[in-house]
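The values are calculated or read from the model by the stated rules, or taken from the named source; none is laboratory data. As the structure is a prediction and not an experimental result, all values here were calculated from the model. Glycine gets a Cβ as well: all are built from the backbone with ideal geometry, and neighbour counts include every protein chain shown. Note: areas computed on protein heavy atoms with side chains; ligands, DNA, RNA excluded. Shrake-Rupley method; radii C 1.70, N 1.55, O 1.52, S 1.80 Å.
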Amino acid sequence: MGKLNRPGRSSEKPASARESSSKLSDSSTDSIEIASLRESGRTQAFQAALTQREAAPPEREVEANVILIAHPEGRTLGTRFRLRPGSVIEIGRSPAAEITLPEVLSISRTHARLEHHGSEVVLEDMGSTNGTYINDRLIQGENTLRSGDRFQVGAVHFKFLHERDVENAYHLAIYNLVMRDGLTEIFNQRKFHEEVEREVTRAERYGRPLSMILFDIDRFKTVNDNYGHLCGDYVLKRVTEKVAQFLRSEQVFARVGGEEFAAILPETNGDNAVQLAEKLRSVIAEKPFQYAGLEVPVTSSFGVAELSPAAATKDALYEAADRALYHSKQNGRDLVTQYDKDLHGPVATTGEDPS
């Protein structure tokens, strides 16, 4: 799944130049100090992970993490699954499992179960065909995991870590470097597509609504051409900050292209997603951004789609939102379009290039 290559759209990728340019300092206002320098991504990520670990209440291990460290196809490596006190996570090929791995045939449909008992996490094999192993030892019944233990279900390997374990901070730092965009520090395209797959499976399993918003910055190439790539980077960061304040923690927000962003909205129907998109469109366009004493007008175009019979898979949902976005670009920009029966066919691409 990925960005559609539409006829008539520019293939120019100004993002490559932006990615190699200097990163801008964080700011809570629209002012900017170009001369300020940031720490390296690795230093920042590791320090943030340590801060998160140290912020946990000292009296108990509040949460733990299961990290996927080996997959026969090399997929989803580094993916983290959080275990909260009292939670239960099943692992298997069944779509009903919280950690579902249907592509790994060596895993049983219901293979193993993790359960967080107070300060302990217990792993139990559920009568699987190929067994469950902890540190290369075949287990039976319930087994308490210690921070740092490795366990194996079929051909997939996981590592278990308490959140207070300093190694967890290391893995979190690496995960953030792999899964987050270096400029905006929100999730990247890889993470977004993994989460779309997970949320579509969950929505189908429980019959819950799910919507997607795609948007991009109008005439972003003009911003780079008129004000320079540093200004372009600044605009990307400020747009990200403005949008993020309106999204909840369970709504995955990501940069999926040079100037294109996406949000996956669990438990949200299409009409509510449109209302949110309208709010985001308004807050981006409400006033020009201030950059080095200049006013930079910024608007964005939005496409919204809801999981439905017309967009029933992760690929179809993405394509539906993408078509709706393109419809907004064709019809004047700074618009929100919802995918519906009128947009099921291909969107015309004649006239001015709307990139």
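Considering segment 90-103, the residues that are surrounded by 19 or more Cβ atoms within 10 Å (Cβ to Cβ) and aliphatic (A, V, I, L, M) include one that is nearest to ILE67 (Cα to Cα), namely ILE99.
Residues of segment 203-224 that are assigned to a helix (DSSP H, G or I), over 29 Å from PRO288 (Cβ atoms) and open to solvent by 60 Å² or more (accessible area, probe 1.4 Å): GLU204, ARG205, TYR206.
Pairing residues of segment 268-287 that are free of Cβ contacts under 8 Å to residues at least 12 places away in the same chain with residues that are part of a loop (DSSP other than H, G, I, E, B) and of a type in the set (D, E, K, R), at Cβ distances under 9 Å and at least 6 apart in sequence or on separate chains, gives LYS287/ASP30.
Whenever a residue of segment 154-174 is free of Cβ contacts under 8 Å to residues at least 60 places away in the same chain, its partners that are crowded, with 20+ Cβ neighbours inside 10 Å and among the hydrophobic types (A, V, I, L, M, F, W, C), lying with C-beta atoms within less than 8 angstrom and at least six residues away or across chains, give the pairs GLY154/LEU101; GLY154/ILE107; GLU167/LEU161.
I want to confirm something. Restricting to segment 178-199 and keeping residues that are assigned to a helix (DSSP H, G or I) and over 19 Å from ALA321 (Cα atoms), which single residue is most open to solvent (accessible area, probe 1.4 Å)? This residue is VAL178. Close contacts from segment 125-145, counting a first residue that is of a type in the set (Gly, Ala, Ser) and a second that is assigned to a strand (DSSP E or B) and open to solvent by 40 Å² or more (accessible area, probe 1.4 Å), with Cβ to Cβ under 6 Å and a gap of 6+ residues or different chains, come to GLY131/LEU138.
Residues that are among the hydroxyl-bearing types (Ser, Thr, Tyr), in contact (Cβ under 8 Å) with a residue 60 or more places away in the chain and more than 16 Å from LEU236 (Cα to Cα) within segment 288-320 comprise THR313, TYR318, listed in sequence order.
With the requirement that a residue be surrounded by fewer than 18 Cβ atoms within 10 Å (Cβ to Cβ) and within 24 Å of ASN130 (Cβ to Cβ), what does segment 145-171 give you? ARG146, GLY148, ASP149, ARG150, ALA155, HIS157 - these are the residues of segment 145-171 that are surrounded by fewer than 18 Cβ atoms within 10 Å (Cβ to Cβ) and within 24 Å of ASN130 (Cβ to Cβ).
Restricting attention to segment 181-229, the residues that are touching a residue at least 60 places away in the same chain (Cβ under 8 Å), closer than 21 Å to ILE67 by Cβ and of a type in the set (Lys, Arg) total 2. The listed residues are ARG80, ARG93, ARG109, and the only one of them that is at pLDDT below 90 and of a type outside the set (S, T, N, Q) turns out to be ARG80.
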